[in-house]
1. Of the residues that sit in the stretch 160-188 and are assigned to a loop (DSSP other than H, G, I, E, B) and over 17 Å from residue 123 (Cβ atoms), which one is farthest from the chain's Cα centre (by Cα)?
2. What number goes with the only condition from (1) within 11 Å of ligand 2 (Cβ to nearest atom); (2) among the charged types (D, E, K, R); (3) modelled with pLDDT under 95; (4) touching a helix residue (DSSP H, G or I) at 6+ places or on another chain (Cβ under 6 Å) that residue 390 does not pass?
3. Quick test of your reading of the structure: residue 432 fulfils all but one of (1) within 25 Å of residue 96 (Cβ to Cβ); (2) in contact (Cβ under 8 Å) with a residue 12 or more places away in the chain; (3) of a type in the set (D, E, K, R). Name the failing condition by number.
4. Kindly indicate the residue of the stretch 106-123 that is in a loop (DSSP other than H, G, I, E, B) and more than 10 Å from ligand 1 (Cβ to nearest atom) and also nearest to the chain's Cα centre (by Cα) among those meeting that condition.
5. Kindly provide the set of residues from the stretch 180-197 that are over 13 Å from residue 23 (Cβ atoms) and in contact (Cβ under 8 Å) with a residue 60 or more places away in the chain, ordered by number.
6. Being part of a helix (DSSP H, G or I) and surrounded by fewer than 18 Cβ atoms within 10 Å (Cβ to Cβ) is the filter here; which residues of the stretch 414-426 pass it?
7. Which numbered condition trips up residue 106, out of (1) free of Cβ contacts under 8 Å to residues at least 60 places away in the same chain; (2) more than 21 Å from residue 449 (Cα to Cα); (3) of a type outside the set (S, T, N, Q); (4) buried (at least 20 other Cβ atoms within 10 Å of the Cβ)?
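The values are calculated or read from the model by the stated rules, or taken from the named source; none is laboratory data. Just so it is clear, the structure is predicted and the values come from calculations on it, not from any experiment. Here the Cβ positions follow ideal geometry from the backbone for every residue, glycine too, while neighbour counts run over all protein chains shown.
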Amino acid sequence: MIIEWQDFSNRFSFPSLDNMRIDPWSSSTYQDYARLRDEFGIDEFSEKHWNELPHPHRLLRRGVVFGHRDFPVILNCVKQQKPWAILTGLMPSGKMHLGHKMIIDEVIYYQSIGADIFIAVADIESYGTRGYSLRETKKLAVEEYIKHYIALGLKPERCQIYFQSKNQDVKDLAYLLGKKVNWSQMTATYGFNGTTNMTHVFSPLIQTGDILHVQLEKFGGIRPVLVPVGVDQDPHIRLSRDIAQAHRLYNVMKTKDNQIGVFIKPDDLVSKLLDVAEEILADIGFAKLRRITDYKAIYIDDATEEDITSIDHSLALIEPQFHGYGFLPPAATFHRFMTGLTGEKMSSSKPESAIFLSDTTSDAKKKIMQGKTGGAVTLEEQKRNGGNPDVCMIYELMLYHLIEDDKQLLEIYQACKNGSQLCGHCKKLASELIETLLTDIHEKRNNADQVIDQYVTKE
Ligand code: TRP
Ligand code: SF4
C-alpha cells in the first residue's frame, strides 16, 4: 500500500525568502517547502528514491525528507554495493531536542545500509556565529549530542566524530579551497556585510572542508558522499558543490550541440591529461573518441547523457596523480523542520515548544498534554466534522518519531478526519510512546561514557 502523506507545505504563511536567500544562521523556519525546492533547484525526493533502498527509514518514506541533490548517485552505490560515505555536522548550541534527532536517525539508518559515517562538531562555527567558547561547545557536544547519538544506536565501527577546531585536514582544506571563491560570491550567498566577523565569514569554508575532506585518501578516498541536512544548510551544499567542481581537472559535460565531451580545465599538462583520459575512456568501454587537442577536448560519440556521472567518476579517480583532488560533487538530502508543540518553531530557547532528549518523562508528557492539536472547538463538532491532523502537533510527533508502522499511522489519520477518534486518545497514546522512547534513551545514555572514546577522534 502506498500512502499519500499529506502535504505540509502550505500549512502556514510563508516567511519572506530574504531576496531569494536562505540564511543558515537565522532563526526562521521555512514552511513552503515546495516553493523552496523550486527557487533553489533542489530536486524532489520521492518514492522512486526510497523504494529501492533496503528497509527505507520512516523519515524517507513519509515525505519528511522532501528534497535532494544527486541522490541517485548514492542509490547507485547502495544497489551496486560500492563504497560511499555520510558526512553531516552538529551545531553545539543549546540542548538536543527531537528536531535535532532527525539527522541522527537518518545517519543511523544509512550506517545500517553500509555507509562510512563522519560527523563534524561545528565548534568553530558555533564560536564564530553564536558566541560560545570552544570549551563550552565541547561540553555541550559531548553531554547533549554525542552521548544521545550513542544512546540512539550509532555504532562505533566505521564512524568518526571530530571537532572542526581539532581537525587539521579540514582546516587546511578550508584555506586552500577558499582560493576559488571570491567575496562577491560569499556576500551574494550569505548576505555578509562590513560588520560580519571574520570567523563567521570563514565558517562556510570550514563546512566545505568538513564536507570534502572525507574524499581525501586518508579518509577513504574519492567516493560519493551524502550530506543529510535541514534545508537551511543548502547554501553550504551549493558552495561545496561549486568548490568541488572548481577544483576538478576534468570537466565532463554535454555541449550546446548535444555532444558528450571531456574537457581539460588547467592549461598545463594538457596533452598528458588527454592521453590518460583516452586510456580510461577506452578501458570503460567507449570506442568512438575524437580528440581535439586545441580545444583541450575529447568528444565521445558513443556516450549519452546518462553516462556523464560514471565517466566523471572514473576520471576523478586519477586526478590526485596530477596534484588535483578529484572531488565528486557532494550529494545532499533536505528534511523539513519540526514544528514546536506550541505551533511555533521548535526551539531550545522555548522549552515548552520542544521535547528535549534529556527531559524527564513526566515533563515530556506534560508538554504533549498541552500541545496544540487540530481538534475542533467542541467535542460534538469534532465528532461531527472530524479533526485536522495536517495542522496537529501531536500527529506530527507521531509521524516524525513515535509511530513506526505506516498502517497504524494512516489509521490514526483517517480516524481523526472522520471524527471517530478524539484528541485525548492521541495524547494518551503519544504520552505512552514518548515515555518508552525517553526511558530507553536515558538508560542507554548512562552507559555511553564508557564507549565514547570509540567514536570521537583523538586530538
Ligand atoms: N552548519 C551546520 C549547522 O548549523 C553544522 C555543520 C558543520 C554541518 N559542518 C557541517 C552540517 C557539515 C552538515 C555538513 O547545523
Ligand atoms: Fe491531532 Fe489526534 Fe486530535 Fe486528530 S484527533 S487533531 S490527530 S490529536
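1. Checked the stretch 160-188; the qualifying residue farthest from the chain's Cα centre (by Cα) is 182.
2. (4)
3. (2)
4. Only one residue tops the list, namely 115.
5. Of everything in the stretch 180-197, those that are over 13 Å from residue 23 (Cβ atoms) and in contact (Cβ under 8 Å) with a residue 60 or more places away in the chain turn out to be 180, 181, 197.
6. Hits for the stretch 414-426 are 414, 415, 417, 424, 425.
7. (1)
Per-residue answers, yes or no, for (1) within 16 Å of ligand 1 (Cβ to nearest atom); (2) outside any loop (DSSP other than H, G, I, E, B); (3) surrounded by 15 or more Cβ atoms within 10 Å (Cβ to Cβ):
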position	(1), (2), (3)
324	no, no, yes
334	yes, yes, yes
347	yes, no, yes
359	no, no, yes
364	no, yes, yes
367	no, yes, yes
372	no, no, yes
377	no, no, no
384	no, yes, no
